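A short write-up of the structure that comes next.
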Amino acid sequence: MAAAAVVLGACAAACNSLIGVDRIGITDGLGGTGGSGGHSSTTTTSPAGGASGGSTGGTTASGGATALGGSGGTTTSSTTTTTTTTTLLHECPAPGGQDCTPGSGNPAPADCGDGTSCFLSAVQQSVNATLAGNPTQFYQVPDHSNCLAPYDPVWFMDTVVAALQSKNLCARRDPPDSQEEVTVKLNNAYAENFDIVASWGCARTGSGIYTGFCLYP
């Protein structure tokens, strides 16, 4: 099954299959510590067997002793970047003016989103009508309650597409996932994608079948 939770841009490739093209925000923290410091001093006594000492990170005196010292300083920095997510607004196309010819648009990722669907109800009706009108074409999938799978997935997809077309919508099986997903549009300015078959074969009718939309120039 193609992933249904869609993200922004999840519909882009699927919508483009119907439109006729191939188409193809973050918080970051940085912190670190570092330090250097200390001071040095040297004292020398001339007589043999005398001592020399310091705190320079280690100095040795002839006939004397070694002293270690000199450390300190801590620096901490952090940078935070915040990305604001903007919901892409869209208007559903007005009924009429159906145009199912291939389009030439190539929307940027910013032109695709997962806002409210315009065609969800029509797709759900088409799937439910296909299930209700053809009970012998489906079987109950073991270990999955209320899961009816078509014996012939291609027939199922084509039947749902035909039902959508009868509602004066443009629809087709999405080529990358032609046995699971359909793309629906009214014209070349706007298209939506739906995943109507689960990965284990069940026909899907819930609101989760809608995966996103794209706007086209």
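Derivation of every value follows stated rules applied to the coordinates shown; laboratory data play no part. Given the structure is predicted, the values throughout are model-derived calculations rather than measurements. Here the Cβ positions follow ideal geometry from the backbone for every residue, glycine too, while neighbour counts run over all protein chains shown.
Key figures
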read-out	value
Net charge contributed by nearby residues that have their C-beta within less than 14 Å of Val154 (K/R +1, D/E -1)	-4
Residue-count net charge about Val182 - beta-carbon cut-off 15 Å; Lys, Arg +1, Asp, Glu -1	-2
Tyr190 long-range amide H proximity, modeled H, under 5 Å	Tyr216
Charge sum, other residues only, whose C-beta stays under 13 Å from Gln137's C-beta, Lys/Arg counted +1 and Asp/Glu -1	-2
